[in-house]
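**Q** Below: one structure in structure tokens.
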Protein chains: 2
Amino acid sequence: MGKCEQCIIKQFNSLKSLTKDELIRISGCKTSKTIKKGEVIFEEGETLHGVYCVKDGICKLSKLSENGKDQIVKMVVKGQLLGQRSLISDESSNLQATALNDMEVCFIPKSEIISDLQKNPKFSFDVLKDMAHDLKEADDVIVNMAQKSVRQRLAETLIYIHDSFGVNPDGTMSILLSREDYANIVGTATESAIRVLSQFKKDGLISTIGKYIKLEDINGLKRIE
Amino acid sequence: MGKCEQCIIKQFNSLKSLTKDELIRISGCKTSKTIKKGEVIFEEGETLHGVYCVKDGICKLSKLSENGKDQIVKMVVKGQLLGQRSLISDESSNLQATALNDMEVCFIPKSEIISDLQKNPKFSFDVLKDMAHDLKEADDVIVNMAQKSVRQRLAETLIYIHDSFGVNPDGTMSILLSREDYANIVGTATESAIRVLSQFKKDGLISTIGKYIKLEDINGLKRIE
DNA sequence: AATAAAACATGACAGATATCATATTTAAAA
DNA sequence: TTTTAAATATGATATCTGTCATGTTTTATT
């Protein structure tokens, strides 16, 4: 099993602020896991006993609404930590995490890392920064949900995913989402998401290569009202 | 001017985790301010140079959408800290803060409190908990915005305000908001908010005493679809 | 390869909400 | 008080979006 102190992934998250000794200790108690596409990592309401460091793959964080729809609140990719909030708040998880493709994660038990949070101010400040960033993003999502049309939200979602999670060599977006996933991000009916994406394609704003989507006219997408 | 170490307000926020010495130092550099109803405390995009501890009154945190509407994202009341996020992230404020009634606040310069955040782990863990809580609330708002009708959101907003911010002796909600404010919380047109509230009144779910709203049938409001 | 099951697509229609117009009431200012 | 402005109210209408139905394509399974 790999060692945390040598793992490059940690550069991308708060774990980089741990000391070498702390990392070695963490390394000793972590467990690596492979998670298959579609698998649920943790459920809404479940008590988490640690955090996951995502070494590879992508997952979605969603919450079941009363109307039976699964609202995707956030996506977590390679390099990020999963379940940070439950580490801090002692509450059960507010969200469900589901793998969007095959994932490699390291699970770090809460008992091991919580003491670092209490003792290493650099680390806790880093987590704080992460959380502040998430909060800002969440506020922006609230405004978009409240004030923008489905077309606008879908266009912005495409741009967000394109810019945040990268593209394949052929220019298609590296993340593969079903129309239902898009609908659940934007908060609309699956049929509506399908319709809007079809229209975007007709209008030359996007194209598809196999199941992958390529943004053909980002400025056009930005101009949508 | 009052002394932080003796101020009861701090019991309600993270400042309670500061040591007596830290509080005395903070006390020496803080400035008290009175803010009048409607006054803007800080604007979107403004660089904040500290945090506000709200001693009295209520303010709204909002963000201007591209369509010209002001989406209210959160409300901050007596006892809470205002501008926490900007303390951590070094970025300019993402939101505008506007007083909803006359307020009493203490301004604590960033330079003074940032060192406590770095050195006092109990304090920073407390701020972390606050932030985690805000994040959870924000996620819930996202789901509500995305999946629920205007009627439902308005009903829930009424209940939320009623439960969170208290009632007057006559049972009316202590916070006075315009119909426009309600519209900007639920993310709808002012006319729609007016219409829905009128309907609630006709249905006996709420009543009004002067400009104040009283919830007459909370269970009825909860049952709205 | 044949079959079943998802995922995607599209039409028709209903319902919710935004917009525009216009009163009416309430609060503020002269 | 009178005047003006702001907030609240309500109707008419258009638009957006959800729902239901149905069909096609793609993917998975036997």
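**Q** Out of all the residues in segment B:144-157, is one or more more than 14 Å from chain A (Cβ to nearest Cβ) and within 11 Å of DNA strand C (Cβ to nearest atom)?
**A** no
**Q** A further question follows. Return the total of residues in segment A:179-225 being of a type outside the set (A, V, I, L, M), part of a loop (DSSP other than H, G, I, E, B) and either closer than 14 Å to A:V150 by Cα or more than 10 Å from DNA strand D (Cβ to nearest atom) (or both).
**A** The total comes to 7.
**Q** Any idea how many residues of segment B:158-180 are among the hydroxyl-bearing types (S, T, Y) and within 13 Å of DNA strand C (Cβ to nearest atom)?
**A** 1
**Q** Which of the residues belonging to segment B:17-56 are among the acidic types (D, E) and more than 18 Å from the chain's Cα centre (by Cα)?
**A** If the condition is that a residue be among the acidic types (D, E) and more than 18 Å from the chain's Cα centre (by Cα), then B:D21, B:E22, B:E46 are the ones that fit.
**Q** Can you name every residue in segment A:181-213 that is within 10 Å of DNA strand C (Cβ to nearest atom), within 14 Å of chain B (Cβ to nearest Cβ) and either aliphatic (A, V, I, L, M) or in contact with a helix residue (DSSP H, G or I) (Cβ under 8 Å, 6 or more places away or on another chain) (or both)?
**A** A:Y182, A:A183, A:A189, A:T190, A:S192, A:A193
**Q** Hey, among the residues in segment A:57-68 that are surrounded by fewer than 20 Cβ atoms within 10 Å (Cβ to Cβ) and either within 14 Å of chain B (Cβ to nearest Cβ) or over 12 Å from the mean Cα position of the chain (by Cα) (or both), which one's farthest from DNA strand C (Cβ to nearest atom)?
**A** A:L64
**Q** Which condition number in (1) touching a Gly at 6+ places or on another chain (Cβ under 6 Å); (2) under 24 Å from A:P121 (Cβ atoms); (3) at the interface with chain A (Cβ under 7 Å from one of its Cβ atoms) is the one that B:I88 fails?
**A** Result: B:I88 fails condition (1) only.
**Q** Could I ask something else about it? Across segment B:169-205, what is the total count of residues that are among the polar types (S, T, N, Q) and either within 17 Å of B:K69 (Cβ to Cβ) or surrounded by fewer than 13 Cβ atoms within 10 Å (Cβ to Cβ) (or both)?
**A** Qualifying residue count for the region: 6.
**Q** Give me the residue from segment B:161-178 that is of a type in the set (G, A, S) and more than 8 Å from DNA strand D (Cβ to nearest atom) and, out of that set, farthest from the chain's Cα centre (by Cα).
**A** Ranking the qualifying residues of segment B:161-178, first place goes to B:G171.
**Q** Give me a count of the residues in segment B:139-163 that are among the small types (G, A, S) and touching a residue at least 60 places away in the same chain (Cβ under 8 Å).
**A** Looking only at that region, the number is 2.
**Q** Another question, then. Being surrounded by 20 or more Cβ atoms within 10 Å (Cβ to Cβ) and either touching a residue at least 40 places away in the same chain (Cβ under 8 Å) or more than 10 Å from chain B (Cβ to nearest Cβ) (or both) is the filter here, so list the residues in segment A:97-124 that pass it.
**A** Within segment A:97-124, A:A97, A:T98, A:A99, A:L100, A:M103, A:V105, A:C106, A:I108, A:I113, A:D116, A:F123 qualify.
**Q** Do we find a residue being hydroxyl-bearing (S, T, Y) and touching a residue at least 60 places away in the same chain (Cβ under 8 Å) anywhere in segment A:63-76?
**A** No, every residue in segment A:63-76 fails to be hydroxyl-bearing (S, T, Y) and touching a residue at least 60 places away in the same chain (Cβ under 8 Å).
**Q** So which residues in segment B:178-193 are under 13 Å from B:A155 (Cβ atoms) and touching a strand residue (DSSP E or B) at 6+ places or on another chain (Cβ under 7 Å)?
**A** Within segment B:178-193, just B:I185 meets the criteria.
**Q** Suppose the filter is at positive phi, in contact with a Leu (Cβ under 7 Å, 6 or more places away or on another chain) and in contact (Cβ under 8 Å) with a residue 24 or more places away in the chain; does B:G83 pass it?
**A** yes
Any read-out appearing in this document is the output of simple, stated calculations on the displayed coordinates, not a laboratory observation. These numbers come from a predicted model, not from an experiment. Note that we place each Cβ from the backbone using ideal geometry, even for glycine, and neighbour counts take in every protein chain shown.
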